[in-house]
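**Student:** Sharing a structure below in structure tokens format, with a few things to ask.
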Amino acid sequence: MPANPRTGRPYRALCAQQRALRLPCWLCGHDIAYEITGPAAGRHPDAFTLDHLVPLSKGGALLDPANARSAHRRCNSARGNRLTVRTPGTSRRW
């Protein structure tokens, strides 16, 4: 059984580099709660996750720094493997 590439040293180093930049979420533009780490980060919607501009399932490179983006866990999950970023529309309430 091959090892999970997301638990390897190169992937962890890329995550650490991206986290050190302390950028806002590239999907929604809001600040990311970088202080949330460890097991709590796996459940908190405002925690940092490494998102890929071109999803891995669409041929994006896992370890390419040009493909790495900082995102909230909820924004990354909501985007899924789509190539486009959903822009918020106007409210339907009048």
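**Student:** Can you tell me which residue is most open to solvent (accessible area, probe 1.4 Å) among those in region 1-30 that are aliphatic (A, V, I, L, M) and over 21 Å from Arg79 (Cβ atoms)?
**Tutor:** Among those residues, the one meeting the criterion is Met1.
**Student:** Then there's this: Filter region 31-66 down to the residues that are part of a loop (DSSP other than H, G, I, E, B), closer than 21 Å to Asn81 by Cα and open to solvent by 20 Å² or more (accessible area, probe 1.4 Å) and list them by number.
**Tutor:** Answer for region 31-66, where residues must be part of a loop (DSSP other than H, G, I, E, B), closer than 21 Å to Asn81 by Cα and open to solvent by 20 Å² or more (accessible area, probe 1.4 Å): Arg43, His44, Pro45, Asp46, Leu53, Val54, Gly59, Ala61, Leu62, Leu63, Asp64.
**Student:** Just to be sure I understand, how many residues within region 8-30 are outside any loop (DSSP other than H, G, I, E, B) and either touching a residue at least 24 places away in the same chain (Cβ under 8 Å) or closer than 13 Å to Leu50 by Cα (or both)?
**Tutor:** Total satisfying the criteria: 12.
**Student:** Just the residues that are touching a strand residue (DSSP E or B) at 6+ places or on another chain (Cβ under 7 Å) and modelled with pLDDT of 95 or more, please, taken from region 27-46.
**Tutor:** Ile32, Tyr34, Pro45, Asp46
**Student:** For region 67-79, how many residues meet the condition of being open to solvent by 40 Å² or more (accessible area, probe 1.4 Å) and either polar (S, T, N, Q) or over 21 Å from Ala40 (Cα atoms) (or both)?
**Tutor:** Residues flagged as open to solvent by 40 Å² or more (accessible area, probe 1.4 Å) and either polar (S, T, N, Q) or over 21 Å from Ala40 (Cα atoms) (or both) within region 67-79 amount to 1.
The values are calculated or read from the model by the stated rules, or taken from the named source; none is laboratory data. Bear in mind the structure is a predicted one, so any value in this text is a computation, not a measurement. Quick reminder, even Gly has a Cβ in these numbers, built from the backbone with ideal geometry, and neighbours come from all protein chains shown. The accessibility values were calculated without ligands, DNA or RNA, using every heavy atom of the protein model including side chains. Shrake-Rupley method; radii C 1.70, N 1.55, O 1.52, S 1.80 Å.
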